[in-house]
């Protein structure tokens, strides 16, 4: 691309999955290899903007808003299970004829990407997952040991509580951005404001609320057993880069042995970064990702 034709920002598009109108942004560069950026929970496609701007020269970058997030429709009934998110990505890949493709993903998006690649290993060429392995093994074992009735009671209680919960309203963009920085202390003010601008909607009373559906906060009582999840990871044939922030709550997949479930995986721990590694240390993250995508690591 020349400077004269450089794209300032992405174009906005929609597709349909399970009768929901779902949104994605396209950074252009048709003809280049496709690269899908999948965000995490309570986030949105435009949170990838700084990363997308760096990668779009070599890749055809596409970033979807998961159902219930950003400018995508909210699920009827308010249930957000991992299988539904995986279906949505499968629908997008098929609709845009992206396979085989490369995926860079974060948190919930990482879990979605890893499931998708385990179901369709022939459709993914390389995969980066930032803390997308879910709860640490010890916590996962405790969760798995919870009786079904107890899991369902907790989920029903959560759904009932969320039904009466009104989205928080902020008087200004700055107030909402300040809240975002409270959640992630590594986040610089300019990025917090950018994420907030694209992550809120203006209410009729001129206040602002986050775009995501509050029901995404509830965890489904139905989940695959740990051995089945690891079985999906074992089916992934492409190289996988697992990324973790050393200041995050996420456990180290090399120390807890989860990396051993993959055929071809490597791990990078990035210093002075929390759960949002791509926001906290974008330079180190991009360096690791570029090396991996180029086959240098």
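The values are calculated or read from the model by the stated rules, or taken from the named source; none is laboratory data. Everything numeric in this text was worked out from a predicted model, so none of it was measured. Here Cβ is always computed from backbone atoms with ideal geometry, including for glycine, and neighbour counts include all displayed protein chains.
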For this session: Kindly check whether there is at least one residue in segment 47-55 that is under 18 Å from residue 220 (Cβ atoms), in contact with a helix residue (DSSP H, G or I) (Cβ under 9 Å, 6 or more places away or on another chain) and in a helix (DSSP H, G or I).
Result: no
For this session: Inspect segment 11-25 for any residue being assigned to a loop (DSSP other than H, G, I, E, B) and either within 15 Å of the chain's Cα centre (by Cα) or at negative phi (or both) and give the result as yes or no.
Result: no
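Let's see how each residue does on (1) under 18 Å from residue 290 (Cα atoms); (2) in contact (Cβ under 8 Å) with a residue 12 or more places away in the chain; (3) exposed (fewer than 15 other Cβ atoms within 10 Å of the Cβ):
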{"position": "21", "(1), (2), (3)": "no, yes, yes"}
{"position": "31", "(1), (2), (3)": "no, yes, yes"}
{"position": "38", "(1), (2), (3)": "yes, yes, no"}
{"position": "42", "(1), (2), (3)": "no, yes, no"}
{"position": "45", "(1), (2), (3)": "no, yes, no"}
{"position": "51", "(1), (2), (3)": "yes, yes, no"}
{"position": "56", "(1), (2), (3)": "yes, yes, no"}
{"position": "70", "(1), (2), (3)": "no, yes, no"}
{"position": "73", "(1), (2), (3)": "no, yes, no"}
For this session: Quick one: in segment 230-250, of everything that is part of a loop (DSSP other than H, G, I, E, B) and touching a residue at least 40 places away in the same chain (Cβ under 8 Å), which residue is surrounded by the most Cβ atoms within 10 Å (Cβ to Cβ)?
Result: 236
For this session: Examine segment 260-270 for a residue that is in contact with a strand residue (DSSP E or B) (Cβ under 7 Å, 6 or more places away or on another chain) and part of a helix (DSSP H, G or I), and state whether such a residue exists.
Result: no
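Out of 37, 66, report the one residue that is at pLDDT 95 or above, touching a strand residue (DSSP E or B) at 6+ places or on another chain (Cβ under 9 Å), within 24 Å of residue 249 (Cβ to Cβ) and part of a loop (DSSP other than H, G, I, E, B).
66
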Exercise. Limited to segment 251-273, what total is found for residues that are closer than 16 Å to residue 107 by Cβ and crowded, with 21+ Cβ neighbours inside 10 Å?
Worked result: 4
Problem set entry | Subset of segment 278-288 [under 19 Å from residue 39 (Cβ atoms) and out of contact with any helix residue (DSSP H, G or I) (no Cβ under 8 Å at 6 or more places or on another chain)] | 280, 281, 288
